[in-house]
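Down below is the structure, laid out as structure tokens.
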Amino acid sequence: MTVRIGVEEEFHVIDVESGSLVPRAGALLAGLPPRTYTHELSQSMVETNSDVHTSLQGLHSDLRRSRRRLDAAASRQGLAVVAAGVAPLGRVESVRITPAPRYEKMAREYRRVADEQLICGAQVHVDIPDHETAVRAMCAVGPWLPPLLALSASSPFWLGTDTGYASWRTMVWQRWPTAGPAGCFAGAQDYDETVAGLIRSGVISDAGMIYYDVRPSAHQQTLELRVCDACPRVETVVMIAGLFRALVTDACARLAATGGTTGCDGRHEWLRAATWRAARSGLEAELIDPETRRPAAAARVVQALLRHARPMLEEHGDWELVRELAQQTVSAGSAAHRLRETAARDDLLAGVDLLVAETRGEQPTRRRGRTAPPHDVAHRPPGPWTGVRTSFGGG
């Protein structure tokens, strides 16, 4: 089976010395190929677009390569880039809107929501046979998106303070009028009429402003995952991409086998609550089990996700790799947990250093003059390509 995947990653642009967000995306992007590297709404953010891949190994290499090139461009400017849902030391004043008609219109229309768009995500695209299948598959994969959010959670701090959430980005993001769980649509016509109605209402300008946690892409024949925080470790992105591809291909297979019937009860109200729980807890407390809709330990919910996705993970040859990465992620804790540990042990600037190092794929180091206990370097990025076998998830 060959089902292609691609990833868009968003990065915060920070000053190396202060660790604070700076509106210097233009300087960073100068000289980089626009096909791969591009602007976002805020000038303190940049986005990268991967090539299309059939293997997770190819995707991993691509993302590592694009991160290295972006980091080199940033370093030449005295800057660094951070892949995280929120930059810990951001300031609202650092948001300057990128001078483009669409972004300027959004800033005028949405005011404070746009002003505080200090958040970055990771989006995964998976090939889909057609638009009808994409809309129906949204319903089937929806229950499994909160666990993917929990695996990605990397944004506990907002404007220098701990929010108590693992993904504060989710809470900021959901202020947009179309953000959050997608709900259930009868089919492509129902979905398209809904989008057209939202555009006619004036609440959004175009289909690209449908910010559901999962959606048919407005420009490609893909189903797009949008629920996740940007992830410091590239391996986390690869793991989520593999899981999402398995969920989508499983949904497509079930739709084909049933003549388009999803088996959904149409009741998705619980999904918003499950998404909130994932944003609040990350991997460090209970999540909502999609199979029982009751609270369960995060490790148990991730195991249920792996169990559900295993047939298609095996079909793509991804099972061993994704299982290993999932175990490493649950064992080490979310990026939000690692960031909090570092900030508590040292300070928040050390937390920024951790995020920079993990974004680069390096081991964290202490700044000169800063003292820390010997376990300062305990959070080594995982090595998923070594073939280590684990018992997590069975088999």
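Would you confirm, using the coordinates I've provided, whether GLU284 is part of a loop (DSSP other than H, G, I, E, B) and either at pLDDT 95 or above or open to solvent by less than 30 Å² (accessible area, probe 1.4 Å) (or both)?
Details: part of a loop (DSSP other than H, G, I, E, B): yes; either at pLDDT 95 or above or open to solvent by less than 30 Å² (accessible area, probe 1.4 Å) (or both): yes.
Yes; evaluated as a whole, the condition is true for this residue.
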ask   = Within the range 224-240, is there a residue that is under 21 Å from ILE119 (Cα atoms), buried (at least 21 other Cβ atoms within 10 Å of the Cβ), out of contact with any His (no Cβ under 6 Å at 6 or more places or on another chain) and hydroxyl-bearing (Ser, Thr, Tyr)?
value = yes
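From ASP115, ASP127, which residue is under 22 Å from the mean Cα position of the chain (by Cα), open to solvent by 10 Å² or more (accessible area, probe 1.4 Å) and touching a residue at least 60 places away in the same chain (Cβ under 8 Å)? Lay out the reasoning, then the answer.
On the way: ASP115 fails: touching a residue at least 60 places away in the same chain (Cβ under 8 Å).
Answer to the check: ASP127.
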ask   = Does at least one position in the range 253-264 carry a residue that is under 21 Å from PRO147 (Cβ atoms) and part of a helix (DSSP H, G or I)?
value = yes
ask   = If you take the residues in the range 91-111 that are at pLDDT below 90 and of a type in the set (A, V, I, L, M), which one is farthest from ILE210 (Cα to Cα)?
value = VAL92
ask   = Would you call ARG169 surrounded by fewer than 16 Cβ atoms within 10 Å (Cβ to Cβ), basic (Lys, Arg) and out of contact with any Phe, Trp or Tyr (no Cβ under 7 Å at 6 or more places or on another chain)?
value = no
remark   = Selection over the range 287-325 where residues are surrounded by fewer than 19 Cβ atoms within 10 Å (Cβ to Cβ), touching a residue at least 12 places away in the same chain (Cβ under 8 Å) and basic (Lys, Arg) yields a count of 2
task = Test VAL248 against the criterion of being under 19 Å from GLU291 (Cα atoms) and open to solvent by less than 20 Å² (accessible area, probe 1.4 Å), and give yes or no.
result = yes
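Given the structure, is TRP158 more than 20 Å from ALA241 (Cβ to Cβ), in contact (Cβ under 8 Å) with a residue 40 or more places away in the chain and crowded, with 24+ Cβ neighbours inside 10 Å? Write out each step before concluding.
Numbers: more than 20 Å from ALA241 (Cβ to Cβ): yes; in contact (Cβ under 8 Å) with a residue 40 or more places away in the chain: yes; crowded, with 24+ Cβ neighbours inside 10 Å: no.
So TRP158 does not fit the description; no.
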task = Select from the range 328-352 the residues that are of a type outside the set (S, T, N, Q) and outside any helix (DSSP H, G or I) and write down the one among them that is least open to solvent (accessible area, probe 1.4 Å).
result = GLY333
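Which is open to solvent by 30 Å² or more (accessible area, probe 1.4 Å) and of a type in the set (Ser, Thr, Tyr), of TYR110, TYR191?
On the way: TYR191 fails: open to solvent by 30 Å² or more (accessible area, probe 1.4 Å).
Step by step, each of TYR110, TYR191 is checked, and only TYR110 is open to solvent by 30 Å² or more (accessible area, probe 1.4 Å) and of a type in the set (Ser, Thr, Tyr).
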query = Can you tell me which residues in the range 1-41 are farther than 30 Å from MET312 by Cα and among the β-branched types (Val, Ile, Thr)?
reply = VAL13, ILE14, VAL16, VAL22, THR38
inquiry  = I'd like to know if the range 1-20 contains one or more residues that are modelled with pLDDT of 95 or more and open to solvent by 50 Å² or more (accessible area, probe 1.4 Å).
reply    = yes
inquiry  = Within the range 130-140, take every residue that is surrounded by 23 or more Cβ atoms within 10 Å (Cβ to Cβ) and not charged (D, E, K, R) and give me the one that is nearest to ALA274 (Cα to Cα).
reply    = MET138
Residue match in the range 47-58 (condition: touching a strand residue (DSSP E or B) at 6+ places or on another chain (Cβ under 7 Å), hydrophobic (A, V, I, L, M, F, W, C) and open to solvent by less than 50 Å² (accessible area, probe 1.4 Å)) = no
message = One residue is enough: does the range 112-129 have a residue meeting the conditions over 23 Å from ALA253 (Cβ atoms), at pLDDT 95 or above and of a type in the set (Lys, Arg)?
response = no
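Among the residues that make up the range 57-72, is at least one of them in contact with a helix residue (DSSP H, G or I) (Cβ under 9 Å, 6 or more places away or on another chain), touching a residue at least 24 places away in the same chain (Cβ under 8 Å) and part of a loop (DSSP other than H, G, I, E, B)?
No, the range 57-72 contains no residue that is in contact with a helix residue (DSSP H, G or I) (Cβ under 9 Å, 6 or more places away or on another chain), touching a residue at least 24 places away in the same chain (Cβ under 8 Å) and part of a loop (DSSP other than H, G, I, E, B).
The values are calculated or read from the model by the stated rules, or taken from the named source; none is laboratory data. Small disclaimer: the values here were computed from a predicted structure and weren't measured. Neighbour counts are summed over all protein chains in view; Cβ atoms, including those assigned to glycine, are modelled from backbone coordinates with ideal geometry. Note: areas computed on protein heavy atoms with side chains; ligands, DNA, RNA excluded. Shrake-Rupley method; radii C 1.70, N 1.55, O 1.52, S 1.80 Å.
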